[in-house]
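> Below: one structure in structure tokens.
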Amino acid sequence: MMPAPLVDAFGRVHTNLRVSVTDRCNIRCFYCMPAENIRFKPRDELLTFEEIERFVRVVAAMGVDKIRLTGGEPLVRHDLPVLVRKLAEVPGIREVALTTNALLLAEHAAALKEAGLSRLNISLDSLEPETFRRIARRDGLDKVLAGIFAAQKVGFASIKLNAVALRGITEPEVVPLCQFARRHGLEMRFIEFMPLDADGNWDNEQVLTGGRLREIIEAEIGPLVPLVSEDPAQPATDYAFAEGEGRIGFINPVTQPFCHRCNRLRLTAEGQVRNCLFSTEEWDARQLLRGGASDEQLALLVRESVGAKKAGHGINSDKFLKPGRAMYQIGG
Ligand code: SAM
Ligand code: SF4
């Protein structure tokens, strides 16, 4: 008999798992990582590909059908295509996707495609080398662009470009990013800056809101028309340009939280289950995976985590508690 789906106390059915494969990264975006003195998890604390695969088999039997690999930077983990292939073959998994900064994508795009990767989201905040360096605290724009074009060349379609929307930095980037995306058949998405930076400098004033972004795009490029989403659980609100090609998505977790339609669960690189990006609690799957637990015990742990999920993240509430971990340690 098929185990029951992962439904939380608010009726949200969880079908989407984000798996972080590492907390390491080859750049240092200020909205995510500290600049230096980072204490990465020792390698033996990270789940092996076999442990990740077993976890995915267990949740797939409870209705999870989409996996997104993230990090840290997932492509710094050796042999990532091997994991992609393993997960794509798990019964019930319809889609294995990847979020990457694309610095290493040119060298791995063909192997990823061949392994069965379905979708790619690429993070790109700026097309100006100086601004790229200011945000990432490293160079690398040329490599990112090479990665995007290599991915298109090996046949990845519907690639999404994600930019974090930062007030005072992103405004001059908006039009060039949208035009670049339109020219190259990519979908541009803007994500409001969330309080998950390692330096703890986030405040509301630094968020360039989705509303403001839309005003800039409509004033400088042209009117947008809302699109009906193919996936009602997706965090982005999508628009098409009224004239010409191109789609734009806005992910507005700060000004328009979408928690009521969240269907996502997370597994950190060292095997902790989280029911929310902003969760202050974790459930230790690694201990079970390495301690001889049965699949039923693992499934129970995941159910406990889903059962404890809160109605929303509460970023805008006085009682909001920032999680003890930053984005690179959770998996965005
Ligand atoms: N390294 C990969 C990358 O950058 O695409 C994957 C991991 S990264 C943590 C996943 C996504 O989270 C990226 O698109 C990144 O821009 C976004 N992100 C990181 N910190 C953020 C923050 N504080 N607020 C909003 N988005 C953030
Ligand atoms: Fe690395 Fe991605 Fe975090 Fe940037 S957002 S520091 S690329 S993990």
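> List every residue whose amide H lies under 5 Å from the amide H of Arg18, counting only residues 5 or more places away in sequence or on a different chain, with H placed 1.01 Å from N in the peptide plane.
Arg68, Leu265, Arg266, Leu267
> Can you list the trypsin sites (Lys or Arg not before Pro) in the range 222-320 that are in a DSSP coil and have 13 or fewer other beta carbons within 10 angstrom?
Sites meeting the loop and neighbour criteria: Lys319.
> Add +1 for every Lys or Arg and -1 for every Asp or Glu among the other residues with Cβ under 13 Å from the Cβ of Trp283, and state the total.
Combined, the nearby Lys, Arg, Asp and Glu give 0.
> Another question, then. Quick check: the angle from helix 105-115's long axis to the longest principal axis of the chain, C-alpha only, nearest 10 degrees?
Long axis of 105-115 versus the principal axis of the chain: about 50 degrees.
> Roughly what angle does helix 171-183 make with the longest principal axis of the chain, taking Cα atoms, 0 to 90 degrees, to the nearest 10?
Helix 171-183 sits at roughly 80 degrees to that axis.
> Share of antiparallel DSSP beta bridges in the chain, in percent to the nearest 5?
30
> Using modelled backbone amide H atoms (1.01 Å from N, in-plane), which distant-in-sequence or interchain residues come within less than 5 Å of Leu166's amide H?
Long-range HN contacts for Leu166: Leu208.
> If you don't mind, there's one more thing I want to ask. Just to check I understand the Karplus step: with θ = phi - 60° and J = 6.51 cos²θ - 1.76 cosθ + 1.60, what whole-Hz values come out for the range 65-72, glycine and proline as x?
Result, ordered by residue: 10, 10, 10, 10, 8, 8, x, x Hz.
> If you average the C-alpha positions of the range 219-281 and of the range 305-332 separately, how far apart do those two centres end up, in angstrom?
Taking the Cα centre of each part, the range 219-281 and the range 305-332 sit 16 Å apart.
> Can you list residues from other chains, or at least 5 along the same chain, whose modelled amide H is less than 5 Å from the amide H of Asp284?
Close amide H contacts, sequence-distant or interchain: Val273.
> Under 18 Å from a label point 7 Å along Cα→Cβ of Val82: give me every residue in the range 47-63 with its amide N that close.
Label zone hits: 47-56.
> Still on this structure, please answer the following. Say a site is exposed when it is one of the GluC sites (Glu not before Pro), sits in a DSSP loop, and has at most 10 other Cβ atoms within 10 Å; what is then the longest site-free stretch of the chain?
37-229
> Here is a further query. GNM, the chain, Cα, under 10 Å: largest mean-square fluctuation among Asn201, Asn121, Asn252?
Among Asn201, Asn121, Asn252, the largest GNM mean-square fluctuation belongs to Asn201.
> To make sure I understand, if each residue's beta carbon is the centre and we count other beta carbons within 10 Å, what order do Lys86, Lys322 fall in, fewest to most? Intermediate results must be reported in sequence, preceding the final value.
Working: Lys86 20, Lys322 15.
The order, fewest Cβ neighbours first, is Lys322, Lys86.
> Taking 0.36 nm per intervening residue step and subtracting the Cα-Cα distance, what contour gain separates Ala111 from Ala240 on full extension?
Taking 0.36 nm per residue and subtracting the Cα distance, the gain is 43.2 nm.
> Next question, about the same structure. Rounding to the nearest 20 debye, state how big the charge dipole of the range 16-330 is about its Cα centre with +1 on each Lys and Arg Cβ and -1 on each Asp and Glu Cβ.
460
> Would you kindly derive the ³J(HN,Hα) couplings of the range 243-252 from the backbone phi angles with the Karplus curve 6.51 cos²θ - 1.76 cosθ + 1.60 (θ = phi - 60°), listing them in order in whole Hz, with x for Gly and Pro?
With coefficients 6.51, -1.76 and 1.60, one gets 10, x, 7, x, 10, 10, x, 10, 10, 10 Hz.
> Can I ask one more? Based on the Cβ-Cβ distance from Asn316 to Asp284, what FRET efficiency comes out when R0 is 35 Å, to the nearest 0.05?
It comes to 0.70.
> Further, regarding this structure: Output the relative contact order of the chain, whole-number percent, from Cα pairs under 8 angstrom with separation of 6+ residues.
This gives 21 percent for the chain.
> Quick one: 3J(HN,Hα) in Hz for the range 159-167, Karplus 6.51/-1.76/1.60 with θ = phi - 60°, rounded, Gly and Pro as x.
6, 9, 9, 10, 10, 7, 8, 10, 5
FYI, it's all coordinate maths here, none of it is from the lab. Note that the coordinates shown come from a computational prediction; the quantities given were computed from them, not determined experimentally. Reconstructed Cβ throughout: ideal geometry from the backbone, glycine too, with neighbour counts over all protein chains shown.
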